[in-house]
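Only one structure is covered here, and it is reproduced in the block below.
A short reminder: the numbers here are calculations on the coordinates, not readings from a lab. All values derive from a computational prediction rather than experimental measurement. All Cβ positions, even for glycine, are placed from backbone atoms using ideal geometry, and neighbour counts span all protein chains on display.
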Amino acid sequence: MKTNMTALLTSGLLLLGAAGVQAAIPDTATLYKSPSCLCCDGYAEHLESKGIDVEVIDDQELRQIKMDAGIPYGQGSCHTVMLGDYVIEGHVPFAALEKLFEERPDVDGIGLAGMPQGTPGMPGPQQAPYEIMSFKDREASPFLTL
C-alpha cells in the first residue's frame, strides 16, 4: 500500500510539473511567412497540435519583420513567430520552446537557422543535431542542441 501511495504521489507531482511547463507557454502566437511557403503552414499545425492558437499572416515584407524582431544576420529561416514576449525564428522543435518558457532567459528569442530536415513542418528524418540559438541585441548565442 505504501509503495502504491508513493508511486501515485510521484506520478501526480510529475504531471503537475509537466502541466506547469505547458501552462507557461502562451496559448496564442502569430506566424509571419511568405504566401507560397507550405512548410511554414506545417509548423503552424505543429504548434496548434500542442494547444497554441496560431494566427498565420502571409506577408511579403518578411525581411522587415525579421529586422524589427532583431534576428541576427545569418540566423534567419522561412518564418518568424511571435510567442508571448519572445520571437521564435524558424522550425524550432517544441522541446526548445518548453525550455525557453520554463527558464525565461533575458533574450529576444530563439531560432533555428535555415530549414533543417526533420524539424516540425519539414519532411524527412533528422540528419544532424539541431543547433538552436538564442539571440539578444542581434547577437546569437548557443541555447540548446537537440
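Taking the fewest neighbouring Cβ atoms within 10 Å as the starting point, the ordered list for 135, 101, 94 is 94, 101, 135.
Grab the beta carbon distance between residue 45 and residue 102, set R0 = 41 Å, and tell me the FRET efficiency rounded to 0.05. FRET efficiency, residue 45 to residue 102: 0.95.
Near residue 34, the amide H atoms lying under 5 Å from its own belong to 59; only residues 5 or more places off or on other chains count, and H is placed 1.01 Å from N.
Placing a pseudo-label 7 Å from each Cα along the Cα-to-Cβ vector at residue 126 and residue 58 gives an inter-label distance of 3.3 nm. Each of 30, 80, 145 was scored by other Cβ atoms within 10 Å of its Cβ. Listed from fewest to most, they are 145, 30, 80.
Averaging the Cα positions of each part gives two centres, and for segment 90-146 and segment 42-79 these lie 13 Å apart.
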